[in-house]
Amino acid sequence: MPSYAFFHNEFVPLEEANLGVMTNFFHYGTGVFEGIRGNWNGEKQRIYLFCLKEHYQRLQRGCRILKIDLPYNIDELCRITVELVTKCGFKEDIYIRPLAYKSSETLGVRLHDLESDFLAFAFPWGPYLPEKARCCISSWRFPGEVPREKLTGLYVTNALAKTEAADNGFDEAIMLTTDGYVAEGSGENLFLVKDSQLVTPASYDGILMGITRDKVMALAEAELGIKTTERHVDRIELYTADECFLTGTAAHITPVAEIDRRRIGNGEIGEVTKRLQQIYFNVIRGNNPKYLSWCTPADKKTPVTEV
Ligand SMILES: Cc1ncc(COP(=O)(O)O)c(C=O)c1O
C-alpha cells in the first residue's frame, strides 16, 4: 500500500519527500521529532491516534528550545496528521513520525538565521520490543545539563546504548543518570512494581516526560487504585523488584523479564503489569468510552473540523 508524507506544505508520495544533502538538520541534529501511534480497531474499522495533541505540545516545547519556528499551530498539526493517516488508508497499527527541523541548506553550527520546516509521514509498524524484554544497564550515561525533549541530536547517546545492548544479546538498554540513578530505556520510560505499588524515576532524573508514562500512571490510579511514587530509583532496586515494565509510544507497555541476567520476579509477566496492559490496550484502540477523549479517529468518517 503506498504511503504518503506531508512535506513542503503538501501531501506527496513518501518516496518523493527528500531533503538536500546540505540541509542544516542533517549535520548538527537541529531537529525535534515525535512518535505517534495509530492503533487499528478491526471491529470499528478505524485507526485511533493516541494522545495526538499532547505529542504536538511536546514538539512545540522542543521547538522553543531549538528556536524552530513551527509553521503550523497545534490544531493545524493535528488536522494535517489526521489527513495524512486518512490518505494513507492503512488497516493495521501504524506509527507517525513528525519532524520539525532547521531546513536551510546552509552549514555552520548555530540555531539562528536558519529557516525552519515541518514534515510528517506514516508507516505500518507492529511491536517494537519482544513480548517480554531482556534488558541490561548501559555503560552509556545520559549527559546532564541538556534539555529532555525529543531533540534529534540527543538521540545519539540512546543509539549507542541500544546497540551496546543488542551487541551483548539484550533487547533494550536501561540508562543511568550521571549520578548513577536509573533514568530510562533508550526509547521508553521505566516502572517498577514493589509491594503492589508503582515506582518510576522522577522528572529530576533527567528523563523524557513520556506521554505513555503519564497515561499509565493515570490508568493505574483510576482503574486499579494503584498510586505511583516518582523518585530516585537505585540500580539495585531493579534486581529485587516484584515486576518491571517499560512504557513508550512505540513499546506500549512491555514487561521486563530480565535485567543484567537476573530474573525479575519469576521471569513471567507480573500480575499488575498484565492488568495494566489489558486496560491500556483497550483504551488505545478506542474501546473504552471513558477514555475516548485520548483517542482521535483518523479516517474519512472524521470531519477534519472536529479534530
Ligand atoms: C528516551 C525516551 N524515553 C521515553 C519515551 C517514552 O515517551 P512516550 O511515552 O511519550 O512515547 C521515549 C519515546 O518517545 C523516548 O525516546
Spatially proximal lysines relative to residue 53 (Cα-Cα < 27 Å; intrachain offsets below 8 disregarded): 44, 67, 87, 91, 102, 150, 215, 227, 290, 300, 301
Distance from the range 113-135 to the range 243-302 (C-alpha centre basis), Å: 17 Å
Run the numbers on the range 133-269 and let me know its relative contact order in percent, using alpha-carbon pairs under 8 Å that are six or more apart. 26 percent
Here the tail fraction of P(r) beyond 25 Å, over all Cα-Cα pairs of the chain, rounds in percent to 51 percent
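No value in this document is a laboratory result; all are computed from the given coordinates. Source: prediction; values computed, not measured.
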